[in-house]
Amino acid sequence: MSAEEREAYCAWAVDEMGGGGATITCPEGTVTVPTVDECIEETEAYADCGITVSQLETCILAVSEDVCQGLEQQQCFPLLDCVDDTGA
């Protein structure tokens, strides 16, 4: 993704999860939604591992439905594999 595409993706993703800085109380503690800038930084960390925009969007849609479960949802496994591969 280009810098502009990352910014657009992150603006959408952050909005889907309730807005940057929003807090969600979960059984294991509080989850804070990242800001757009934090999201951009995170996506840069795994930009070279081959994950597609579609995979990112599928993960975010799942997370937005259950923020407390976060990335531990099946739809996010490609992202987790990418993060494990890159060490991000």
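Exposure proxy check: 67, 53, 14 ranked by fewest other beta carbons within 10 Å?
On the way: 67 19, 53 12, 14 22.
Listing 67, 53, 14 from fewest to most nearby Cβ atoms yields 53, 67, 14.
Full extension of the chain segment joining residue 5 with residue 30 gains 6.1 nm, where the gain is 0.36 nm per residue of separation less the Cα-Cα distance.
Shown for 51, 24: other C-beta atoms within 10 Å of each C-beta, ranked fewest to most, produce the order 24, 51.
Arranged by the count of other C-beta atoms within 10 angstrom, fewest first, what order do 2, 64 take? Numbers along the way, then the final one.
Values: 2 7, 64 14.
Ranked by crowding around the Cβ, least crowded first: 2, 64.
Just so you know, all these numbers are worked out from the coordinates, no wet-lab data involved. Here the structure is a predicted model, which means the values were calculated and not measured. Backbone-built Cβ (ideal geometry, glycine too); neighbour counts: all protein chains shown.
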